[in-house]
Amino acid sequence: MMRVGLIRNAASYRNRTPDEAFRQTAMALLGDCFAEPSSPQELEAVLDRFVLRGVELLIVDGGDGTLHKVLGALPPQWVDTPPLFAILPSGNTNLVAADVGCTQRGTAGLGRLLEAVKNGGWRQYVKRRHALDIEWADRSQVPQRGMFFGAAAFTRGIDIAHEGVHKQGLFQKLAVLVTIALSGLQLLRRKSRDVWLSGEPMSVDIDMQGAREGDRFLFLATSLQKMFFGIWPFWNGEAAALRFLDVDAYPRDLLKAGVAVLRGRQPQWLQAHAHYHSGGAARIGLELSHRFIIDGEVFEPGPARRIILKAGPSLEFLVLCKVRSQTSSRMNWRGRSRRRSRLLRRVSPKRAVRRCRRCCFMARRSGQAICRACLIFM
């Protein structure tokens, strides 16, 4: 049986309320392979212990920042060949968990993961994403490993989230919406509009094809494949490990472009626009003088002001879709079309105990009444 380790960040948003039931369950099931490190030194010690214990599945109970810290503290044995990961989303944003499809947390989420490992049916529910490695040219800081990078206007937006939105008790998707709205207001005000639109001086070199210098309103890079609410500000280079968006300072048609991106669209006029550049890359060289963001964490560019983004190793995530009780499923299906009722009856009553939220969608698309993930646990 696969050895499982669990790292829980007690400081994460959803973990701040003490949960003794979860802690006792985790300790009973995992023993010394359950840990709640409170410092980088403790995290490194825990990961070293997990390597010695032969841990193959590493569960991270936290948000994007917690996953970022875990990836950055991996022992040498796991740097190039990391273990299988699973996420119990408990952070402020959980962008990575939303991308790969990790939705369940707490005791129920942990129980399903351990049950999948025990039954041996987990291999078909693995999703892969490349890591995003960041190195400082002057080696002034330790190399970082994450999934999402942002600079210029993105850094200002994160400042708004940290200083105002989160302090008001707003987190998760609602915090994202409020942050986008407040950032838009900054662009409408005379005092702050010019500061935002003027951007920051930056030099961008994509795959060593020659640097493009100038002021940038926004720069993003990610190895993810999906964001919240269908927002996807990238186009071209679909097969590349990294995707980037490079927006010039004082970009024309910003409102029109913003509306299109928020709707998850990349119209042809946007792709051909001279102020908006997007594509795929394996390596991106940046020269910048201001702070930037990696998975929600703030970093400085260092004395040399030059960093390198490159595709890291492939990371595997164990993904199990969220289940609903039979009663809840019946209530949600009540009053639906006869066709959907017939699809539900295709499953034997003994197996129709629990359903996931995707079963309705999969039934409409492929004629299945229940998804494979649910069958494992019935």
Candidate aspartates and glutamates - alpha carbon under 18 Å from Lys69, same-chain residues fewer than 8 apart omitted: Glu36, Glu42, Glu44, Asp48, Asp61, Asp80, Asp133, Glu135, Asp295, Glu297, Glu300, Glu316
Ala45-Arg190 pseudo-label distance in nm [points 7 Å out on the Cα-to-Cβ vector]: 5.9 nm
Potential lengthening between Gln209 and Ser289 on full extension [0.36 nm per residue; Cα-Cα distance subtracted]: 26.6 nm
The range 141-149 - phi-based ³J(HN,Hα) in whole Hz, Karplus 6.51/-1.76/1.60, Gly and Pro as x: 9, 5, x, 10, 9, x, 9, 9, 10
Highest average packing first - 60-72, 25-37, Cβ atoms within 10 Å: 60-72, 25-37
Exposure proxy order (Cβ contacts within 10 Å, fewest to most) of Glu316, Glu20: Glu20, Glu316
Neighbour-count order for Tyr250, Tyr125, Tyr13, Tyr276, fewest beta carbons within 10 angstrom listed first: Tyr250, Tyr125, Tyr13, Tyr276
Mean projected area (nm²) of the alpha-carbon convex hull when the range 148-294 is viewed from all directions: 8.5 nm²
Principal axis dimensions, the range 4-130 - Cα atoms, whole angstrom, descending: 35, 35, 30
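Taken together, the values in this text are just the output of simple stated rules run on the coordinates, not laboratory data. This structure is a prediction, so every number in the text was calculated from the model and none was measured. Cβ: placed from backbone, ideal geometry, glycine included. Neighbour counts: every protein chain shown.
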